[in-house]
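What follows is a short report on a single structure.
Derivation of every value follows stated rules applied to the coordinates shown; laboratory data play no part. A quick note: this is a predicted structure, and the numbers were derived from the prediction, not measured. Cβ placement follows ideal geometry from the backbone for every residue including glycine, while neighbour counts extend to all protein chains displayed.
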Amino acid sequence: EPHLVLRGVHRHYGEGDKFVRVLEAADLTLNGGELVAIVAPSGAGKSTLLHLCGLLESPQSGEIEIMGIETSRLGDRGRTQLRRSTVGYVYQFHHLLPEFSALENVSMPQIIAGKPLAEAEKRSRELLDLLGVGPRASHRPAELSGGEQQRVAIARAAANHPRVILADEPTGNLDPATSDLVFDALFGLIRNEGAAALIATHNHDLARRADRIVTLQDGLVVDHQL
Ligand code: ADP
Ligand code: ADP
């Protein structure tokens with residue numbers, strides 16, 4: 001069963017001369033262990049697509065299914081609950097809490113979800129190790145390099161075992177070599193955890209390493225050959 005399915009998704013904003021059609025009849029399927037890159041010009045609708053996939057926004061019509069659960073009839077609480085239990089989000093800028101260590105940052109969402117501290121920290125250490133930042137566990141964000149900060153942010157996004165990981169330009173503010181490293185770490189994580197990932201990126205070299213590349217064209221999600 002796919003982790004995420006979009007069927008005939010329609011999303012527009014505004015009315016009259018402010019009307020913007022972003023998605024017309026978008027279809028997309030993400031399977032477990034699969035990393036899909038989305039490459040499209042600025043304003044094409046990448047963030048909108050990621051927000052729809054993360055249930056932060058709703059389509060005007062069409063279906064979004066996460067782990068077999070069709071979301072169009074869920075209320076706000078149901079959507080929030082499903083998002084928290086199935087989706088992890090990585091931002092362009094890490095949004096780590098500056099007063100807390102890497103370990104604490106990754107443990108936080110687990111504690112909030114009700115996990116005992118020792119168990120949360122065990123999971124955090126595993127993730128930090130997997131992403132190659134285990135030795136930085138006690139560092140605060142300001143004491144980490146940009147690539148390390150992003151890998152900690154990825155560990156945090158993965159902390160509660162999301163089935164879908166969404167990332168908006170996760171290497172957007174990193175140099176090419178560091179971007180490679182972060183992308184590798186993300187890849188390793190996806191494979192290891194069997195999650196599905198949708199990554200928006202401007203970086204064609206990185207996108208080429210994904211399992212599949214898609215773009216947005218005329219309101220559709222279409223396969224993209226670089
Ligand atoms: P991208 O992430 O590819 O740059 P976005 O998804 O942010 O694209 O935006 C796609 C289009 O939708 C843009 O033309 C943008 O102006 C419009 N848009 C996005 N969000 C809103 C909103 N909340 N209200 C009105 N228009 C919006
Ligand atoms: P890069 O050269 O990869 O951009 P930096 O030069 O920023 O990395 O940092 C190199 C290493 O030093 C990193 O592993 C980081 O964890 C550590 N580091 C950076 N700043 C601090 C700091 N203020 N305190 C402690 N360690 C730091």
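Just a few scattered comments:
- Members of the range 143-197 that are within 21 Å of residue 105 (Cα to Cα), more than 16 Å from ligand 1 (Cβ to nearest atom) and acidic (Asp, Glu): 143, 148, 193
- Number of the exception - residue 100 against (1) within 14 Å of ligand 1 (Cβ to nearest atom); (2) more than 18 Å from the chain's Cα centre (by Cα); (3) aromatic (Phe, Trp, Tyr): (1)
- Residue in the range 46-69 that is among the basic types (Lys, Arg), farther than 30 Å from residue 139 by Cα and within 12 Å of ligand 1 (Cβ to nearest atom) present: yes
- Positions within the range 55-88 being touching a Lys or Arg at 6+ places or on another chain (Cβ under 9 Å) and over 22 Å from residue 220 (Cα atoms), in sequence order: 67, 85, 86, 87, 88
- Residues that are among the hydrophobic types (A, V, I, L, M, F, W, C) and surrounded by 19 or more Cβ atoms within 10 Å (Cβ to Cβ) were ranked within the range 122-136; the one that is farthest from ligand 1 (Cβ to nearest atom) is 128.
- Among residues of the range 28-45, those that are closer than 16 Å to residue 164 by Cβ and more than 9 Å from ligand 1 (Cβ to nearest atom), counted: 10
- Close pairs (7 angstrom Cβ cut-off, 6 or more residues apart or separate chains): within 16 Å of residue 169 (Cβ to Cβ) and in contact (Cβ under 8 Å) with a residue 12 or more places away in the chain in the range 201-226, surrounded by fewer than 16 Cβ atoms within 10 Å (Cβ to Cβ) and of a type in the set (D, E, K, R) anywhere: 214/223
- Counting only helices (runs of 4 or more DSSP H) that sit completely within the range 138-226, those holding 3 or more residues that are away from ligand 2 (no atom under 16 Å from the Cβ) and surrounded by fewer than 16 Cβ atoms within 10 Å (Cβ to Cβ) correspond to 176-193.
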